Amino acid sequence: MSNGMTKLNELTIEEAARRLRARECSVRELWDACAEEAQKRNPELRAYLEIFPADDEAIAAAQKRIDAEGERAPLLCGIPLAIKDNILIEGKIASASSKMLENYRATYDASVVKKLKEAGALFIGRTNMDEFAMGSSTEHSAFGATKNPIDTERVPGGSSGGSAAAVAAHLAIAALGSDTGGSIRQPAALTGIVGLKPTYGAVSRSGLIAMGSSLDQIGPLAKSVADARILHEAIRGKDELDSTTIPDGLYPKREIPKTLRIGVPRHLLREGVDPDVLVAFEATLAKLKEAGHAVVDVELPASAHALAAYYIIMPAEVSTNLARLDGMRYGRAARGDTLLDDYIKSRTEGFGEETRRRILLGTFVLSSGYIDAYYRKADAARAVLRREYDKAFESCDVIAFPTTPSPAFKFGEKSDPLSMYLEDIFTVTANLTGMPAISVPMNTVNRDGKELPVGIHFTAPHQAEDVLFTVGNTVEKSL
Ligand code: GLN
């Protein structure tokens, strides 16, 4: 990465920060390189819903700070970042890729955005996503799908597909996404980059348009594990505006052992995973062993129910969170003959098909006749999963599996909702248990003559992000 030929927009945060400090490039040059590439590629890729004009004042301020503070300036100072369209930036539209919020302009900064601004980071645009973050392909955006820069006939994953494509195609140095059931990690895997879902409560959700409040976390999509760490460190921390944020040290601190014990639930991988993805996974485990780590078996029988529990709890929370978007209190307003008509018209015009499906499902599982049969059972399954993972972490430091069963799929290939939901089979558990998880690129697999990226996924105990960065670094180095 550090050779002089690398274009500025292709740099990692680490390397860009080094060059800025060494005066090998200016903040303006770095911005222009990203902005020009974004303008050039975006009509085809549609990673951004909007590319922001250069903020001359912010660019000048970042430059001044680097000049004055040098090594002491935050690493993110002057770094152009892409922000998912469900994270508020004051004065900018935040539509969550929905017609419902097409013209909604944020009146305040999300807490993460505030922190990034304080660090001197720059925002290059807002990125495309599945509507209200529901989906695994970005095909559910109300404004057209994003293409995977590795193979434009394929999806970039979702719901943070725009952020993933922006980073993978070097239209930004790094990005923020949100992850409710895999929406950072799965698109990171399918576009060949790193994605982190932090511990629940590590990062403030204030200013994140809510999907499933007990599952949502904002996190980084980045070109390297080191970059994911830089971004995570910059956005994390207790926040008065989000009562679910946790203080440092809430969970017991674990020393990072020299020899990591990597737990592999092989019983979960017996079916449904593409054979060559499994080969890539085993090869990566072999490299981890070569690097001195131990691979051990773990049993997580309740994982078989994770997807079912997720697809009950998540829509239940979606149905409540989106209730406020009724054309009266918030969101697109269409008028009919009666108040009921107003609601129906506004919500029918404003919400896409997948969103409506989940609202219906969520309303159903919470309804008085069915809440015991569905929602409460799913919640009980969630508690069992959490206990099972806690127990597994007595005999291992991280748990590993492939991030997805397959590489990126073609547009329209998963039009049956259930087949799309199966895409999340490995990622949802970390949201249900609240544990942090990372996806790091492993070997590629070949489809139709193209090498497509796939990811290896690690889960760690609560607040043990450092273990994820350590094991992620090892995988990265071994590639
Ligand atoms: N793909 C999952 C879903 O559709 C996850 C979405 C997310 O993490 N925001 O619910």
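Based on the Stokes-Einstein relation at 25 °C and a viscosity of 0.890 mPa s, and on the Kirkwood radius from alpha carbon pairs, segment 1-131 is assigned a translational diffusion coefficient of 160 µm²/s.
Rg and Dmax over the alpha-carbon atoms of segment 427-479 stand at 13.2, 41 Å. Peptide packing: for 414-421, 97-104, 349-356, the average count of neighbouring Cβ atoms within 10 Å per residue gives the ranking 97-104, 349-356, 414-421, highest mean first. Within segment 328-412, the percentage of alpha carbon pairs spaced more than 15 angstrom apart rounds to 77%. Among 229-239, 401-411, sorting by the average number of other beta carbon atoms lying within 10 angstrom of each residue, highest first, gives 401-411, 229-239. Cα centroid separation, segment 117-181 to segment 381-439: 20 Å.
Of the DSSP beta bridges with both residues in the chain, give the percent that are antiparallel, rounding to the nearest 5.
Values: 31 of 46 bridges.
Of the beta bridges lying entirely in the chain, close to 65 percent run antiparallel.
Of the two radii for segment 365-444, the radius of gyration is 1.05 times the Kirkwood radius, both from the alpha carbons; that is the Rg over Rh value.
Rounded to whole Å, give me the distance from the Cα center of segment 233-266 to that of segment 72-104. Computed from Cα coordinates, the inter-centre distance equals 25 Å. Taking Cβ atoms as reference points and 10 Å as the exclusive limit, the residues near Ser224 contribute a net charge of -2, counting Lys and Arg as +1 and Asp and Glu as -1.
Each residue of segment 114-215 gets 97 Å³ once the volume of the Cα convex hull is shared out per residue.
Each Lys or Arg adds one and each Asp or Glu subtracts one; over the other residues with Cβ under 12 Å from the Cβ of Val167, this totals -1.
Ordered by the number of other Cβ atoms lying within 10 Å of each residue's own Cβ, fewest first, Thr12, Thr259 fall into the sequence Thr259, Thr12. Only beta bridges with both residues in segment 1-150 are counted; by DSSP, about 45 percent of them are antiparallel. What would the Debye formula give as log10 I(q)/I(0) at q = 0.11 Å⁻¹ for the alpha-carbon point model of segment 290-362, no solvent? The Cα Debye sum returns log10 ratios of -0.45. The Rg/Rh ratio for segment 1-55 is 1.01, where Rg is the radius of gyration of the alpha carbons and Rh is the Kirkwood radius.
The equivalent ellipsoid of segment 177-227 has semi-axes of 19, 11, 8 Å, largest first, where each one is the square root of 5 times an eigenvalue of the Cα gyration tensor.
Taking every alpha-carbon pair in segment 58-129 and binning the separations at 5 Å intervals from zero gives 4, 18, 24, 20, 14, 10, 6, 3, 1 percent. Whole-Hz Karplus values for segment 220-228 come out as x, 10, 8, 7, 8, 5, 4, 5, 4 Hz, taken residue by residue from phi with 6.51 cos²θ - 1.76 cosθ + 1.60 and θ = phi - 60°; glycine and proline positions read x. What fraction, in whole percent, of alpha-carbon pairs in segment 268-402 exceed 28 Å separation? That fraction is 45 percent. Amide H to amide H distances under 5 Å link Arg154 with Asn148, where only residues 5 or more positions off or on other chains count and H is placed in the peptide plane. By the compact-protein rule of thumb, 2.2 N^0.38 Å, the alpha-carbon radius of gyration of the chain corresponds to a ratio of 0.93. Taking the centroid of alpha carbons for each part, segment 191-211 and segment 286-362 are 15 Å apart.
Summary of packing: across the peptides 35-44, 179-188, 140-149, the per-residue average of other C-beta atoms within 10 Å ranks them, highest first, as 179-188, 140-149, 35-44. Filter Lys223/Lys414; Lys84/Lys117; Lys147/Lys414 down to the pairs with a C-alpha to C-alpha distance above 21 Å, please. Table pairs above 21 Å Cα-Cα are Lys223/Lys414.
All of the numbers you see were taken from the coordinates with simple rules; none came from a lab. Since this is a predicted model, take the numbers as computed values, not measurements. Ideal geometry is used to build each Cβ from the backbone, glycine not excepted, and the neighbour counts take in all protein chains shown.
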